[in-house]
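These notes are about the structure you will find just below.
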Amino acid sequence: MKTLKRILTAVLLLLVLGMAGGLLFLNHLKTRAIPDYNRDVDLEGLEAPVTVYRDSLGIPHIYAQSERDLYVATGYVMAQDRLWQMDLLRRITTGRLSEVLDPGLVDADQLFRALDFPGKSRLVLERTDPAIRACIEAYTDGVNQYITSHAKKLPFEFGLLGYKPDPWEAEHTANLIGYMAWDLSSGWSTDMNLYKMSRILSDTLLQELLPDFKGQVPVFPDFRLTDPDAPLVSPVETALRVVEELGLQVFEASNNWAVSGAKSATGKPLMSNDMHLGLMAPGIWYQMHQVVEGQLNVTGVALPGAPYIIAGHNEDIAWGMTNVTVDDLDFYMETVNPADTNQYRVDGQWRDMRVVEESIVVKDQEEPTVRVNRYTHRGPVVSQFRGLPDKVVSASWQGNAYSNELRTVHLLNRAANWEEFREAVRTFNSVSQNIVYADVNGNIGLQTSAGVPIRHSGGILMYPGDTSLYDWQGVVPFEELPFEYNPPRGYVSSANDKTVDDAYPYYIGSWFSQPFRIGRIREMLEEKEQLDTEDFRRMLRDEFPCSPRK
């Protein structure tokens, strides 16, 4: 009996010790990556000491003596706070989610590989000024120094999933252009869903599903082009439904506005930007302040994985963004050669598709899953992702075309006036935005920065792919995109509403937000002769329902 008691006591003791050890291990796993903000860190390659202050909200204020040092420190600090989020975004853009998360994400990985974010990134980096690339490389260095020095103190998610992050590369930063362009794009769901409904509904019923925006209030009510003969284009529009199953959606809706010094109680412009993006933890934005004495003093929000302030202000200007809702994705029904399914007909000739074999590593699977992506001259074949296995449908998407949002935000962080602002935003044309502006000299403005495709003709839900007639004819030149600068009314504003009225000769889109938000914003802007910051706070908190107004 005594022997049995001893055995039971020993077993109980082992269980208690095991549970205690397990709890201690889990607590260690959970807390091991919590940074000590008071500790000095030795980073390799710094030219001089860098100081990072954390305010009461934990927001970093980075003071450096050179741009290189600033961005090395930015990479380290951002990885310190958001490495798991950065790695998740990287896996989305490279199609490597199923490698660490769930075998059920293979289809999503194949889709993201078909979108070819890295191909776009290589194009961007090849055409990026060496000085800007040097800043991105410095940021990459800082991220990798954190990964290397914390190999045994990585965030909880890495331990839970049992893997370590790969080294960061400049291409991974550039991939975020494609990610944001995709997330804020139009066309993936709505065009395809309407096409499917068109196969079973009468034309009359289908027309009832299409939006009628005749009562819309345009962002730029007075904008006119000087060339009345610019070509008319398609009234087809689309709307984006992000891959909600992954919980990675970003776009919801946004507002921005600015008032001139004449309408401001301070005598100087006031500007507001409210990007209501999807709620997630951590949030999509990373707030920070960057200073290089005598060269740069900028604060605002950055995207985890990139070194620049995307929306914020420096000592001279402030800027903020709302989504334009451009129709920048079209589908084409391809005619395939019965004798060779990797050929498609265009203008009476067979063309070879580009065929790419994708080897997708899958968690808990010995061998990778092999999938094939095919591409026409317009873009990837996507019918297999949209439930049309009996068709071959390709997609033309502005996100695959050249743009350089990295250049834009680099220059925006340093811009000092309206001219420099406009020069910066002319390459912001895959992540299409209406960008509001204000400066310390009393000026305000609003600029559409977007890649708006020029279509030869259209008005249908799916273009025939056997002719080049419906191929895009480039994009609307930056000089012909809508803008306002110091309008007599004393304010500018946008809220994802219709960009311009029907007199504008180019088709931008149709699935804009209903005009209630912009109507209420303009109503409140006109309530008083002069407004102050408390008025802006009241506007941001406003919940008053209203009707569209002009």
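The values are calculated or read from the model by the stated rules, or taken from the named source; none is laboratory data. A quick note: this is a predicted structure, and the numbers were derived from the prediction, not measured. Neighbour counts run over all protein chains shown; Cβ positions are idealised from the backbone, glycine included. The area values use the complete protein model at the heavy-atom level, side chains included, leaving out ligands, DNA and RNA. Shrake-Rupley method; radii C 1.70, N 1.55, O 1.52, S 1.80 Å.
Taking each residue of region 103-115 that is among the aromatic types (Phe, Trp, Tyr) and looking for partners that are open to solvent by less than 10 Å² (accessible area, probe 1.4 Å) and outside any helix (DSSP H, G or I) with beta-carbon atoms closer than 9 Å, six or more apart or interchain, yields 112/95; 112/97. Among the conditions (1) over 24 Å from residue 495 (Cβ atoms); (2) open to solvent by 30 Å² or more (accessible area, probe 1.4 Å), the only one that residue 413 does not satisfy is (2). Test residue 502 against the stated conditions and say whether it is more than 19 Å from residue 322 (Cα to Cα), part of a loop (DSSP other than H, G, I, E, B) and in contact with a strand residue (DSSP E or B) (Cβ under 6 Å, 6 or more places away or on another chain). Criteria not met by residue 502. Assess whether residue 111 counts as being closer than 30 Å to residue 353 by Cβ, touching a helix residue (DSSP H, G or I) at 6+ places or on another chain (Cβ under 7 Å) and either among the hydrophobic types (A, V, I, L, M, F, W, C) or open to solvent by 60 Å² or more (accessible area, probe 1.4 Å) (or both). Against the criterion (closer than 30 Å to residue 353 by Cβ, touching a helix residue (DSSP H, G or I) at 6+ places or on another chain (Cβ under 7 Å) and either among the hydrophobic types (A, V, I, L, M, F, W, C) or open to solvent by 60 Å² or more (accessible area, probe 1.4 Å) (or both)), residue 111 qualifies. Filter region 277-328 down to the residues that are within 16 Å of the chain's Cα centre (by Cα) and without any contact (Cβ under 8 Å) to a residue 12 or more places away in the chain, then identify the one that is least open to solvent (accessible area, probe 1.4 Å). Here the answer is 283. Reported count of residues in region 280-302, each being at pLDDT 95 or above and more than 25 Å from residue 49 (Cβ to Cβ), is 1. Working only within region 366-409, note down all residues that are open to solvent by 10 Å² or more (accessible area, probe 1.4 Å) and assigned to a strand (DSSP E or B). 369, 370, 371, 372, 374, 375, 396, 397, listed by residue number. Residue 427 satisfies every condition listed in (1) modelled with pLDDT of 95 or more; (2) under 25 Å from the mean Cα position of the chain (by Cα); (3) open to solvent by less than 10 Å² (accessible area, probe 1.4 Å) except (3).
Residues that are of a type in the set (Ser, Thr, Tyr) number at least 1 in the following strands (runs of 3 or more DSSP E) confined to region 266-322: 270-276, 286-292, 296-302. May I ask you to verify whether residue 42 is open to solvent by 20 Å² or more (accessible area, probe 1.4 Å) and on the phi < 0 side of the Ramachandran plot? Answer is yes for this residue.
Restricting the first member to region 136-152 and to residues that are assigned to a loop (DSSP other than H, G, I, E, B), and the second to residues that are small (Gly, Ala, Ser) and modelled with pLDDT under 95, the beta-carbon pairs closer than 8 Å and six or more apart or on different chains are 150/33. Being loosely packed, with under 14 Cβ neighbours inside 10 Å, of a type in the set (A, V, I, L, M, F, W, C) and either closer than 22 Å to residue 426 by Cβ or within 28 Å of the chain's Cα centre (by Cα) (or both) holds for only one residue in 481, 446, 461, 540, and it is 540.
In region 464-476 there is at least one residue that is more than 15 Å from residue 255 (Cα to Cα) and of a type in the set (Asp, Glu). Whenever a residue of region 371-386 is within 20 Å of residue 361 (Cβ to Cβ), its partners that are basic (Lys, Arg), lying with C-beta atoms within less than 7 angstrom and at least six residues away or across chains, give the pairs 373/113.
How many residues are of a type in the set (A, V, I, L, M, F, W, C), farther than 26 Å from residue 461 by Cβ and assigned to a loop (DSSP other than H, G, I, E, B) if we restrict to region 330-365? Going through region 330-365 one residue at a time, the tally reaches 3. Screening residue 391 on (1) out of contact with any helix residue (DSSP H, G or I) (no Cβ under 6 Å at 6 or more places or on another chain); (2) over 21 Å from residue 119 (Cβ atoms) shows it passes everything except condition (1). Scanning region 57-94 for residues that are of a type in the set (A, V, I, L, M) and over 20 Å from the mean Cα position of the chain (by Cα), we see that the one that is surrounded by the most Cβ atoms within 10 Å (Cβ to Cβ) is 72. In region 493-515, the residue that is modelled with the lowest pLDDT out of those that are open to solvent by 20 Å² or more (accessible area, probe 1.4 Å) and under 20 Å from the mean Cα position of the chain (by Cα) is 511.
For residue 306, state whether it is touching a Leu at 6+ places or on another chain (Cβ under 7 Å), more than 23 Å from residue 517 (Cβ to Cβ) and among the small types (Gly, Ala, Ser). Yes.
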